[in-house]
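These notes concern the structure reproduced below.
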Amino acid sequence: MQAPSDNTIMEKVREGEVSKLGLLFERHHVMLYNFFLRSCGDRAASDDLVQEVFLRILRYRHTFRGESKFTVWMYSIARNTFADHYRKRQREQPLTEKEDDHVHPDPSALETLAEKHENALLHKALARLSPEKREVLVLSRFQELKYEEIAEMLGCPWARSKRACIGR
């Protein structure tokens, strides 16, 4: 038997079966955490932001229409949550996270060192991007969303080229 789709589960949550939100949390909390971590580089803030996204999903469940994928709706909420969080702080925080969250079984010392070096370079490169471009890169490359989904989330008509939405 095939597991129910995210949209089907969210429709049940919208209709009052709020306990089903736990299934969506289990499916997506790690992706959201990684999105926030790669966006801001702060582990504690990333944890808090994930929790806030799911609180908002619960609070605004009546606005879910199911016209697009649940993840598009969820990341729209995540983007707004992220913007609200940093608007309160009135300053951009630099990316300072040194380690990636991916666990690799028994890596050699050389592999570990190479991975840490690559992660440091990645974080430096991400920190140099504008928040808008960083967000698009994280969503497409790390969160594996399709350009059509990102364009929908950002309010960019897909008929325009993807470059027009993210800048040249």
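None of the figures in this text is laboratory data; all of them are computed from the coordinates on show. Just so you know, these numbers come straight off a predicted model, no measurement behind them. Positions of Cβ are backbone-derived with ideal geometry, glycine not excepted, and every protein chain shown enters the neighbour counts.
Quick one: Karplus J couplings for the range 132-144, per residue in order, coefficients 6.51, -1.76, 1.60, θ = phi - 60°, nearest Hz, x for Gly and Pro?
Once rounded to whole Hz, the list reads 5, 5, 4, 4, 5, 5, 4, 5, 7, 8, 9, 8, 6.
Tell me the GluC sites (Glu not before Pro) within the range 1-76 that lie in a loop according to DSSP and have at most 16 other beta-carbon atoms within 10 Å.
Answer in residue order: Glu15, Glu17, Glu67.
Can you pull the Rg over Rh of the range 30-94, Cα-only, Kirkwood?
Answer for the range 30-94: 0.99.
For the range 44-57, take each phi angle, set θ = phi - 60°, evaluate the Karplus expression 6.51 cos²θ - 1.76 cosθ + 1.60, and give the result in whole Hz per residue in order, putting x for glycine and proline.
Each residue's phi maps through the Karplus curve to give 5, 5, 4, 4, 4, 5, 4, 4, 5, 4, 6, 5, 5, 4 Hz.
Starting from the 7 Å offset along Cα-to-Cβ, what nm value, one decimal, do you get for the label separation of Asn80 and Leu121?
For Asn80 paired with Leu121, the spin-label model returns 3.9 nm.
In what sequence do Arg128, Arg14 fall when counting other Cβ within 10 Å, fewest first?
Fewest-to-most ranking of Arg128, Arg14: Arg128, Arg14.
Which ³J(HN,Hα) values in Hz, rounded to whole numbers, follow from the phi angles of the range 33-41 under the Karplus curve 6.51 cos²θ - 1.76 cosθ + 1.60, where θ = phi - 60° and Gly and Pro get x?
Residue by residue, the range 33-41 yields 4, 5, 4, 5, 4, 6, 7, 10, x Hz.
Expected output is a single nm value to one decimal: the length gained when fully extending between Arg89 and Thr63, i.e. 0.36 nm times separation in residues minus the C-alpha distance. What is it?
6.6 nm is the gain from fully extending Arg89 to Thr63.
As a footprinting exposure proxy, order Asp47, Asp42 by other Cβ within 10 Å, with the fewest listed first.
Asp47, Asp42
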